[in-house]
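Read through the structure below, which is laid out as structure tokens, and then see the notes.
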Amino acid sequence: MAIKEVKTNTELDALFTQLAEPFDPNQIKWRVTHTTQDGSRGAVVAYADPRAYTDRLNQLFTPTGWTRTYEVSTVSAVTRMKKDKLIQTGKVLVTCTLTITGLGCHAGSGEDWADESNAMTTAEAQAFKRAASCYGLGRYLYNLAEMWVPLNEHRQPFEFPSLPQWALPKAGAPVKNHPASGPHPAAVQRGPIDQRITGKIEGFRRILGDPIYGEILWRVARTQKANAIPNAQLQTNVAEAMERASRGIQKAQSLAKSIGDTRVVSVLDRLHIGSMTTISNLEALKHLVSELEGLAGQPAA
């Protein structure tokens, strides 16, 4: 009996060690939490998408070895300041209970303001990750101190900080992919690059603005700098994506001229976009073009 207990404890220790293993650095994102008064520097904190958590759970226990349930409640008639205005709103409150077969269950809570466009998604993700951290999954991210970095004119980081060695997965850590995690990108091959395309890509920064420029670099090439794109094919892919986004911005600007300032400002305010020159991401650009196209065919009130 004693031998069996030692074996069971050893197996549990191994599982908890694998749960606590840091995520791949490519799965880590950074969020600006607050800035200096002049906006030149900002504090950033690291976090991982909920999909990184579900992938790890699927890898270790398979999709049938764990479950999660959510309880949702709301608080209404809450007043808060938003964009220097006092508004009446509420809060979405979510509790997630994460159960792993053989390891028990833990719960975590999350919340967000009800007037935010993705309030439920944000609260659910927060609750799920807090429940997972009780098992050690992603717990190390809480130990990363906030770091201050230079910001551009849109109050976005010029570049993100490097993770300390203890926050990186150990070399050769046994983390295998599970089919439920979906296909993972193949290793990027390095090869010759075309400096002319590098210059072309860098030229899009002024047209697109830093947020969209950086988003395309990361989405397509998993890099934050044009001169770090590893091969000519990826360079071409990035340039084509930026060309498409550029046409989207040009279309939005053309539609805005035909619609008139009053209605354009109304659309920008509804989509939480500061101005035509500060579009925060590709999804916001897509929604903006769609809204402006809808108004372009309508007579002014």
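The values are calculated or read from the model by the stated rules, or taken from the named source; none is laboratory data. Quick caveat: nothing in here was measured; it's all calculated off a predicted structure. All Cβ positions, glycine included, derive from the backbone under ideal geometry; neighbour counts span all protein chains shown.
Points worth noting:
- Selection count where residues are at pLDDT 95 or above, more than 24 Å from Ala14 (Cβ to Cβ) and among the charged types (D, E, K, R), scope the stretch 48-80: 1
- Flag for Ala245 being closer than 28 Å to Asn26 by Cα, under 23 Å from the mean Cα position of the chain (by Cα) and modelled with pLDDT of 85 or more: yes
- The set of residues in the stretch 211-237 that are buried (at least 19 other Cβ atoms within 10 Å of the Cβ) and without any contact (Cβ under 8 Å) to a residue 60 or more places away in the chain comprises Tyr213, Gly214, Leu217, Ala221, Ala226, Ile229, Leu234, Gln235.
- Any hit, the stretch 191-205, residues being crowded, with 16+ Cβ neighbours inside 10 Å, modelled with pLDDT under 90 and of a type in the set (A, V, I, L, M): yes
- Failed criterion for Asp84 (all others in (1) surrounded by 13 or more Cβ atoms within 10 Å (Cβ to Cβ); (2) modelled with pLDDT under 90; (3) farther than 30 Å from Pro161 by Cβ; (4) not hydroxyl-bearing (Ser, Thr, Tyr) hold): (1)
- Qualifying residue in the stretch 104-122 (condition: at pLDDT below 95, more than 24 Å from the chain's Cα centre (by Cα) and crowded, with 17+ Cβ neighbours inside 10 Å): no
- Of all residues in the stretch 58-83 being closer than 16 Å to Gly110 by Cβ and polar (S, T, N, Q), the one that is nearest to the chain's Cα centre (by Cα): Thr69
For (1) under 26 Å from Val44 (Cβ atoms); (2) at pLDDT below 80, each residue gets a yes or a no:
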{"site": "His154", "(1), (2)": "yes, yes"}
{"site": "Pro169", "(1), (2)": "yes, no"}
{"site": "His178", "(1), (2)": "no, yes"}
{"site": "Gln189", "(1), (2)": "no, yes"}
{"site": "Ala221", "(1), (2)": "yes, no"}
{"site": "Asn231", "(1), (2)": "no, no"}
{"site": "Val238", "(1), (2)": "yes, no"}
{"site": "Arg263", "(1), (2)": "no, no"}
{"site": "Leu268", "(1), (2)": "no, no"}
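- Residue within the stretch 131-149 that is out of contact with any Pro (no Cβ under 9 Å at 6 or more places or on another chain), charged (D, E, K, R) and at pLDDT below 95 present: yes
- Of residues in the stretch 238-272 being within 13 Å of Lys286 (Cβ to Cβ) and of a type in the set (Lys, Arg), the one surrounded by the most Cβ atoms within 10 Å (Cβ to Cβ): Lys251
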